[in-house]
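The values are calculated or read from the model by the stated rules, or taken from the named source; none is laboratory data. Since the model is a prediction, treat every value here as computed from it, not as a measurement. Methodologically, a virtual Cβ is constructed for each residue, glycine included, from the backbone with ideal geometry; neighbour enumeration extends over all protein chains shown.
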Amino acid sequence: MASLSPLLVAVLCLLLAITGRLHAESCIGVYWGQNGNEGSLREACATGNYKYVLIAFLNQFGNGQIPRLNLAGHCDPNSGGCTFLSNDIISCQQDYNVTVMLSLGGAIGNYHLVSKEDARDVAAYIWDNFLGGSSPNRPLGNAVLDGVDFDIEGGSRDHWDDLVRYLKAYSTPGQKVYLSAATRCCMPDYYLQTAIDTGLFDYLWVQFCDIYCQCSLSDVDTFFRICDQWDSMNVSKVFLGLTVHRGNDCVTPEDLVNIVIPIIKHCDKYGGIMLWNRYSDAITNYSAQVKDYVCPDRRLYSTAATLVASSSV
(Lines give C-alpha, C1' and ligand atoms only; values in the text may rest on other atoms or scores of the structure.)
Protein backbone atom coordinates (compact mmCIF):
# COMPACT_ATOMS: atom_id res chain seq x y z
CA MET A 1 0.00 0.00 0.00
CA ALA A 2 1.47 3.32 -1.08
CA SER A 3 1.74 6.07 1.48
CA LEU A 4 0.07 9.45 1.02
CA SER A 5 2.15 12.62 0.81
CA PRO A 6 1.73 14.96 3.77
CA LEU A 7 0.28 17.68 1.50
CA LEU A 8 -2.31 15.31 -0.01
CA VAL A 9 -3.27 14.09 3.45
CA ALA A 10 -3.80 17.67 4.60
CA VAL A 11 -5.92 18.52 1.54
CA LEU A 12 -8.03 15.40 1.88
CA CYS A 13 -8.57 15.96 5.58
CA LEU A 14 -9.71 19.51 4.86
CA LEU A 15 -12.09 18.33 2.14
CA LEU A 16 -13.56 15.65 4.34
CA ALA A 17 -13.94 18.02 7.26
CA ILE A 18 -15.74 20.61 5.14
CA THR A 19 -17.97 18.14 3.33
CA GLY A 20 -18.67 16.29 6.55
CA ARG A 21 -20.15 19.47 7.97
CA LEU A 22 -22.16 19.98 4.78
CA HIS A 23 -23.39 16.43 4.94
CA ALA A 24 -24.53 16.84 8.53
CA GLU A 25 -26.56 19.99 7.86
CA SER A 26 -30.27 19.37 7.43
CA CYS A 27 -32.25 19.99 4.25
CA ILE A 28 -35.69 19.67 5.86
CA GLY A 29 -38.34 22.37 6.07
CA VAL A 30 -41.11 22.40 8.69
CA TYR A 31 -44.15 24.52 9.50
CA TRP A 32 -44.33 25.87 13.05
CA GLY A 33 -46.97 27.94 14.78
CA GLN A 34 -50.29 26.14 14.47
CA ASN A 35 -50.24 24.06 17.64
CA GLY A 36 -49.44 25.41 21.09
CA ASN A 37 -48.26 21.96 22.18
CA GLU A 38 -45.45 21.72 19.62
CA GLY A 39 -42.87 23.43 21.81
CA SER A 40 -41.07 26.68 21.29
CA LEU A 41 -39.52 27.94 18.09
CA ARG A 42 -36.07 27.83 19.67
CA GLU A 43 -36.61 24.19 20.71
CA ALA A 44 -37.56 23.27 17.15
CA CYS A 45 -34.39 24.82 15.76
CA ALA A 46 -32.21 23.31 18.49
CA THR A 47 -33.09 19.78 17.36
CA GLY A 48 -30.77 20.26 14.40
CA ASN A 49 -33.37 18.51 12.24
CA TYR A 50 -34.45 21.53 10.20
CA LYS A 51 -32.86 23.93 7.77
CA TYR A 52 -36.04 25.92 7.14
CA VAL A 53 -38.74 26.87 9.65
CA LEU A 54 -41.91 28.50 8.32
CA ILE A 55 -43.84 30.53 10.89
CA ALA A 56 -47.53 30.01 10.11
CA PHE A 57 -49.70 31.95 9.32
CA LEU A 58 -50.33 35.54 8.38
CA ASN A 59 -53.88 34.61 7.41
CA GLN A 60 -55.64 37.96 7.11
CA PHE A 61 -54.47 40.60 4.65
CA GLY A 62 -55.37 42.35 1.42
CA ASN A 63 -58.34 44.41 0.21
CA GLY A 64 -57.74 47.08 2.84
CA GLN A 65 -57.92 44.70 5.81
CA ILE A 66 -55.74 45.09 8.87
CA PRO A 67 -53.23 42.21 8.51
CA ARG A 68 -53.37 39.63 11.29
CA LEU A 69 -50.97 36.87 12.26
CA ASN A 70 -52.42 33.70 13.81
CA LEU A 71 -50.11 31.56 15.94
CA ALA A 72 -52.81 29.32 17.43
CA GLY A 73 -52.04 28.44 21.06
CA HIS A 74 -48.60 30.03 21.26
CA CYS A 75 -49.38 33.70 21.83
CA ASP A 76 -51.48 36.57 20.52
CA PRO A 77 -49.38 38.56 18.06
CA ASN A 78 -52.14 41.09 17.45
CA SER A 79 -51.94 42.44 21.00
CA GLY A 80 -48.14 42.49 21.17
CA GLY A 81 -47.97 39.15 22.96
CA CYS A 82 -45.47 37.48 20.62
CA THR A 83 -42.58 39.93 20.57
CA PHE A 84 -40.63 37.54 22.81
CA LEU A 85 -40.23 35.34 19.74
CA SER A 86 -37.64 37.78 18.45
CA ASN A 87 -34.98 36.12 20.64
CA ASP A 88 -36.02 32.67 19.39
CA ILE A 89 -35.81 33.78 15.77
CA ILE A 90 -32.36 35.28 16.23
CA SER A 91 -31.18 32.13 18.02
CA CYS A 92 -32.49 29.94 15.18
CA GLN A 93 -30.66 32.03 12.61
CA GLN A 94 -27.38 32.60 14.42
CA ASP A 95 -26.96 29.57 16.67
CA TYR A 96 -28.47 26.87 14.45
CA ASN A 97 -28.14 28.28 10.91
CA VAL A 98 -31.88 27.93 10.27
CA THR A 99 -33.66 30.00 7.65
CA VAL A 100 -36.79 31.42 9.30
CA MET A 101 -39.63 32.62 7.09
CA LEU A 102 -43.13 34.04 7.48
CA SER A 103 -45.84 31.92 5.87
CA LEU A 104 -48.85 33.59 4.26
CA GLY A 105 -52.27 32.01 3.88
CA GLY A 106 -53.18 28.60 5.24
CA ALA A 107 -56.41 26.64 5.04
CA ILE A 108 -58.36 29.01 7.31
CA GLY A 109 -58.27 32.77 6.92
CA ASN A 110 -59.43 35.82 5.02
CA TYR A 111 -56.85 36.83 2.48
CA HIS A 112 -56.99 37.97 -1.11
CA LEU A 113 -55.48 40.62 -3.35
CA VAL A 114 -57.70 42.87 -5.44
CA SER A 115 -55.18 44.88 -7.42
CA LYS A 116 -51.51 45.45 -8.16
CA GLU A 117 -51.59 48.38 -5.74
CA ASP A 118 -53.06 46.10 -3.07
CA ALA A 119 -50.16 43.68 -3.59
CA ARG A 120 -47.70 46.57 -3.27
CA ASP A 121 -49.27 47.67 0.02
CA VAL A 122 -49.21 44.14 1.46
CA ALA A 123 -45.56 43.75 0.45
CA ALA A 124 -44.72 47.04 2.16
CA TYR A 125 -46.52 45.91 5.33
CA ILE A 126 -44.61 42.60 5.37
CA TRP A 127 -41.30 44.37 4.77
CA ASP A 128 -41.86 46.88 7.55
CA ASN A 129 -43.29 44.46 10.11
CA PHE A 130 -41.39 41.19 9.54
CA LEU A 131 -38.41 41.78 7.26
CA GLY A 132 -35.80 44.53 7.05
CA GLY A 133 -38.06 47.56 7.35
CA SER A 134 -39.19 49.33 10.49
CA SER A 135 -42.48 49.66 12.34
CA PRO A 136 -43.37 50.52 15.96
CA ASN A 137 -45.62 47.47 16.20
CA ARG A 138 -43.70 44.53 14.75
CA PRO A 139 -45.70 41.40 15.78
CA LEU A 140 -42.59 39.24 16.28
CA GLY A 141 -40.35 41.93 17.68
CA ASN A 142 -37.26 43.35 16.02
CA ALA A 143 -35.86 40.11 14.61
CA VAL A 144 -35.58 40.19 10.81
CA LEU A 145 -37.04 37.13 9.12
CA ASP A 146 -35.24 35.66 6.13
CA GLY A 147 -38.15 35.63 3.74
CA VAL A 148 -41.77 34.85 2.93
CA ASP A 149 -43.58 31.61 2.20
CA PHE A 150 -46.81 31.36 0.20
CA ASP A 151 -49.32 28.69 1.31
CA ILE A 152 -52.27 30.01 -0.66
CA GLU A 153 -55.30 27.74 -0.36
CA GLY A 154 -58.17 30.15 -1.00
CA GLY A 155 -59.19 33.63 -2.00
CA SER A 156 -58.55 35.03 -5.45
CA ARG A 157 -56.11 33.68 -8.00
CA ASP A 158 -54.92 37.11 -9.08
CA HIS A 159 -52.00 39.36 -8.17
CA TRP A 160 -49.88 36.80 -6.31
CA ASP A 161 -47.26 37.32 -9.00
CA ASP A 162 -47.36 41.05 -8.22
CA LEU A 163 -46.83 40.37 -4.51
CA VAL A 164 -43.88 38.12 -5.35
CA ARG A 165 -42.29 40.80 -7.51
CA TYR A 166 -42.77 43.52 -4.90
CA LEU A 167 -41.32 41.35 -2.12
CA LYS A 168 -38.34 40.26 -4.20
CA ALA A 169 -37.63 43.87 -5.07
CA TYR A 170 -36.66 44.42 -1.44
CA SER A 171 -33.71 42.03 -1.85
CA THR A 172 -30.24 43.51 -1.78
CA PRO A 173 -26.83 41.86 -2.16
CA GLY A 174 -26.40 42.16 1.59
CA GLN A 175 -29.91 41.12 2.63
CA LYS A 176 -31.69 38.69 0.38
CA VAL A 177 -35.43 38.11 0.70
CA TYR A 178 -36.02 34.39 0.18
CA LEU A 179 -39.35 33.29 -1.27
CA SER A 180 -40.97 29.86 -1.09
CA ALA A 181 -44.34 28.34 -1.88
CA ALA A 182 -46.32 25.27 -0.88
CA THR A 183 -47.96 23.95 -4.04
CA ARG A 184 -50.23 21.09 -4.98
CA CYS A 185 -48.50 18.16 -6.60
CA CYS A 186 -50.85 18.54 -9.57
CA MET A 187 -49.29 21.27 -11.65
CA PRO A 188 -50.02 23.91 -12.80
CA ASP A 189 -50.91 25.13 -9.32
CA TYR A 190 -54.42 26.59 -9.18
CA TYR A 191 -53.54 29.72 -7.18
CA LEU A 192 -49.83 30.27 -7.61
CA GLN A 193 -48.83 29.24 -11.11
CA THR A 194 -48.47 32.79 -12.44
CA ALA A 195 -46.35 33.61 -9.40
CA ILE A 196 -44.20 30.52 -9.93
CA ASP A 197 -43.74 31.49 -13.57
CA THR A 198 -42.00 34.71 -12.50
CA GLY A 199 -38.96 32.60 -11.68
CA LEU A 200 -38.50 34.48 -8.40
CA PHE A 201 -39.17 31.64 -5.95
CA ASP A 202 -36.15 30.08 -4.30
CA TYR A 203 -37.97 27.00 -2.98
CA LEU A 204 -41.12 25.04 -3.75
CA TRP A 205 -42.59 22.60 -1.23
CA VAL A 206 -44.64 20.26 -3.44
CA GLN A 207 -47.34 18.67 -1.28
CA PHE A 208 -47.70 14.98 -2.03
CA CYS A 209 -49.98 14.21 0.88
CA ASP A 210 -53.19 16.12 0.33
CA ILE A 211 -56.66 15.38 -1.01
CA TYR A 212 -55.44 15.83 -4.58
CA CYS A 213 -52.36 13.65 -4.52
CA GLN A 214 -51.91 10.80 -2.09
CA CYS A 215 -48.53 9.13 -2.32
CA SER A 216 -48.74 5.59 -3.61
CA LEU A 217 -45.70 3.38 -3.50
CA SER A 218 -47.49 0.79 -5.63
CA ASP A 219 -46.42 2.83 -8.65
CA VAL A 220 -42.84 3.92 -8.09
CA ASP A 221 -42.77 5.22 -11.67
CA THR A 222 -44.62 8.22 -10.26
CA PHE A 223 -41.44 9.36 -8.59
CA PHE A 224 -39.42 8.88 -11.77
CA ARG A 225 -41.87 11.05 -13.69
CA ILE A 226 -41.78 13.91 -11.21
CA CYS A 227 -38.10 14.56 -11.92
CA ASP A 228 -38.95 15.77 -15.42
CA GLN A 229 -41.69 17.98 -14.02
CA TRP A 230 -39.54 19.41 -11.22
CA ASP A 231 -36.53 20.05 -13.42
CA SER A 232 -38.67 22.00 -15.89
CA MET A 233 -39.91 24.39 -13.18
CA ASN A 234 -38.59 27.94 -13.11
CA VAL A 235 -37.40 27.71 -9.50
CA SER A 236 -34.10 27.05 -7.75
CA LYS A 237 -34.98 24.07 -5.53
CA VAL A 238 -37.96 21.73 -5.18
CA PHE A 239 -38.76 19.82 -1.98
CA LEU A 240 -40.99 16.79 -1.42
CA GLY A 241 -43.78 17.88 0.92
CA LEU A 242 -45.05 15.25 3.35
CA THR A 243 -47.64 15.13 6.11
CA VAL A 244 -46.64 13.09 9.15
CA HIS A 245 -49.08 11.72 11.71
CA ARG A 246 -48.68 8.94 14.23
CA GLY A 247 -49.52 5.66 12.48
CA ASN A 248 -50.72 7.45 9.36
CA ASP A 249 -47.68 8.71 7.54
CA CYS A 250 -48.12 9.49 3.87
CA VAL A 251 -44.84 7.66 3.38
CA THR A 252 -43.23 5.80 6.27
CA PRO A 253 -39.66 6.78 7.17
CA GLU A 254 -38.47 3.39 5.95
CA ASP A 255 -40.17 3.69 2.57
CA LEU A 256 -39.01 7.26 2.15
CA VAL A 257 -35.40 6.29 2.75
CA ASN A 258 -35.38 3.01 0.85
CA ILE A 259 -37.74 3.64 -2.06
CA VAL A 260 -38.51 7.32 -2.68
CA ILE A 261 -35.32 9.19 -1.89
CA PRO A 262 -32.98 7.04 -4.04
CA ILE A 263 -35.19 7.97 -7.00
CA ILE A 264 -35.84 11.67 -6.49
CA LYS A 265 -32.27 12.44 -5.47
CA HIS A 266 -31.53 12.21 -9.17
CA CYS A 267 -33.78 15.21 -9.90
CA ASP A 268 -31.48 18.13 -10.70
CA LYS A 269 -33.61 20.55 -8.66
CA TYR A 270 -34.30 18.27 -5.70
CA GLY A 271 -33.49 20.13 -2.48
CA GLY A 272 -34.83 17.96 0.36
CA ILE A 273 -38.18 17.45 2.08
CA MET A 274 -40.80 19.57 3.84
CA LEU A 275 -42.93 18.35 6.74
CA TRP A 276 -46.33 19.43 7.98
CA ASN A 277 -45.96 20.16 10.81
CA ARG A 278 -43.63 20.55 13.80
CA TYR A 279 -46.23 19.20 16.26
CA SER A 280 -46.69 15.94 14.35
CA ASP A 281 -42.98 15.63 13.71
CA ALA A 282 -42.18 16.04 17.41
CA ILE A 283 -44.56 13.17 18.19
CA THR A 284 -43.46 10.81 15.42
CA ASN A 285 -39.75 11.73 15.39
CA TYR A 286 -39.99 11.52 11.60
CA SER A 287 -37.34 14.10 10.72
CA ALA A 288 -34.81 12.55 13.09
CA GLN A 289 -35.27 9.17 11.40
CA VAL A 290 -34.73 10.44 7.86
CA LYS A 291 -32.45 13.46 8.26
CA ASP A 292 -29.23 11.65 7.37
CA TYR A 293 -30.66 10.25 4.13
CA VAL A 294 -32.76 12.91 2.45
CA CYS A 295 -30.27 15.60 1.44
CA PRO A 296 -29.01 15.85 -2.15
CA ASP A 297 -25.79 14.00 -2.75
CA ARG A 298 -22.67 15.99 -1.99
CA ARG A 299 -20.40 15.31 -4.96
CA LEU A 300 -17.42 16.93 -3.24
CA TYR A 301 -17.75 14.50 -0.37
CA SER A 302 -17.83 11.56 -2.78
CA THR A 303 -14.83 12.94 -4.67
CA ALA A 304 -12.80 13.32 -1.50
CA ALA A 305 -13.69 9.82 -0.37
CA THR A 306 -12.73 8.44 -3.79
CA LEU A 307 -9.38 10.19 -3.66
CA VAL A 308 -8.67 8.71 -0.28
CA ALA A 309 -9.53 5.22 -1.48
CA SER A 310 -7.56 5.44 -4.71
CA SER A 311 -4.50 6.99 -3.06
CA SER A 312 -4.37 4.25 -0.47
CA VAL A 313 -4.00 1.46 -2.98
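Selection of segment 174-189 for residues being under 26 Å from F130 (Cα atoms) and either of a type in the set (K, R) or not assigned by TED's automatic domain parsing to the domain that holds A124 (or both) yields only K176.
Looking at segment 197-215, is at least one residue part of a helix (DSSP H, G or I), surrounded by 20 or more Cβ atoms within 10 Å (Cβ to Cβ), modelled with pLDDT under 95 and assigned by TED's automatic domain parsing to the domain that holds H266?
Here is the first cut: in segment 197-215, the ones part of a helix (DSSP H, G or I) are none.
Taking every residue of segment 197-215 in turn, none turns out to be part of a helix (DSSP H, G or I), surrounded by 20 or more Cβ atoms within 10 Å (Cβ to Cβ), modelled with pLDDT under 95 and assigned by TED's automatic domain parsing to the domain that holds H266.
The lone criterion from (1) surrounded by 15 or more Cβ atoms within 10 Å (Cβ to Cβ); (2) modelled with pLDDT of 80 or more left unmet by H266 is number (1).
Among the residues of segment 94-124, just one is assigned to a strand (DSSP E or B), more than 18 Å from the chain's Cα centre (by Cα) and polar (S, T, N, Q), namely N110. Candidates in segment 224-233 are the residues that are in a helix (DSSP H, G or I), farther than 16 Å from R184 by Cβ and under 20 Å from the mean Cα position of the chain (by Cα); of these, the one that is modelled with the lowest pLDDT is C227.
Could we say that D158 is in a loop (DSSP other than H, G, I, E, B), farther than 22 Å from Q93 by Cα and at pLDDT 95 or above here? Quick ask: steps written out before the conclusion?
Working: in a loop (DSSP other than H, G, I, E, B): yes; farther than 22 Å from Q93 by Cα: yes; at pLDDT 95 or above: yes.
Here the answer is yes, as D158 does meet what is asked.
Going by what's in this entry, would R138 be described as of a type in the set (K, R) and surrounded by 17 or more Cβ atoms within 10 Å (Cβ to Cβ)? So R138 fits the description; yes. When each of D292, D297, D281 is tested for being loosely packed, with under 13 Cβ neighbours inside 10 Å, at pLDDT 95 or above and either of a type outside the set (V, I, T) or outside the structural domain of V251 (by TED's automatic domain parsing) (or both), the lone residue that passes is D292. Selection of segment 142-188 for residues being over 14 Å from L102 (Cβ atoms) and touching a residue at least 60 places away in the same chain (Cβ under 8 Å) yields only G155.
Applying the selection to segment 88-110, what residues are of a type outside the set (A, V, I, L, M) and loosely packed, with under 14 Cβ neighbours inside 10 Å?
First, pick out the residues of segment 88-110 that are of a type outside the set (A, V, I, L, M): 88, 91-97, 99, 103, 105-106, 109-110.
Those that are of a type outside the set (A, V, I, L, M) and loosely packed, with under 14 Cβ neighbours inside 10 Å: Q94, D95, N97, N110.
Has segment 168-178 got at least one residue that is more than 25 Å from D228 (Cβ to Cβ), among the hydrophobic types (A, V, I, L, M, F, W, C) and in a helix (DSSP H, G or I)? The answer is no; no qualifying residue exists. Going by what's in this entry, would C75 be described as within 15 Å of A143 (Cα to Cα), modelled with pLDDT of 95 or more, part of a loop (DSSP other than H, G, I, E, B) and in contact with a Leu (Cβ under 8 Å, 6 or more places away or on another chain)? The answer is no for C75. Got at least one residue in segment 111-132 being over 29 Å from I28 (Cβ atoms), touching a Ser or Thr at 6+ places or on another chain (Cβ under 9 Å) and crowded, with 22+ Cβ neighbours inside 10 Å? Checked segment 111-132: at least one residue is over 29 Å from I28 (Cβ atoms), touching a Ser or Thr at 6+ places or on another chain (Cβ under 9 Å) and crowded, with 22+ Cβ neighbours inside 10 Å.
Would you point out the residue of segment 237-262, among those that are in a loop (DSSP other than H, G, I, E, B) and among the charged types (D, E, K, R), that is modelled with the highest pLDDT? Give the steps one after another, and end with the answer.
Step one: filter segment 237-262 for residues in a loop (DSSP other than H, G, I, E, B), giving 244-252.
Subset that is among the charged types (D, E, K, R): 246, 249.
Details: R246: 70, D249: 67.
Looking at the filtered set, the residue picked out is R246.
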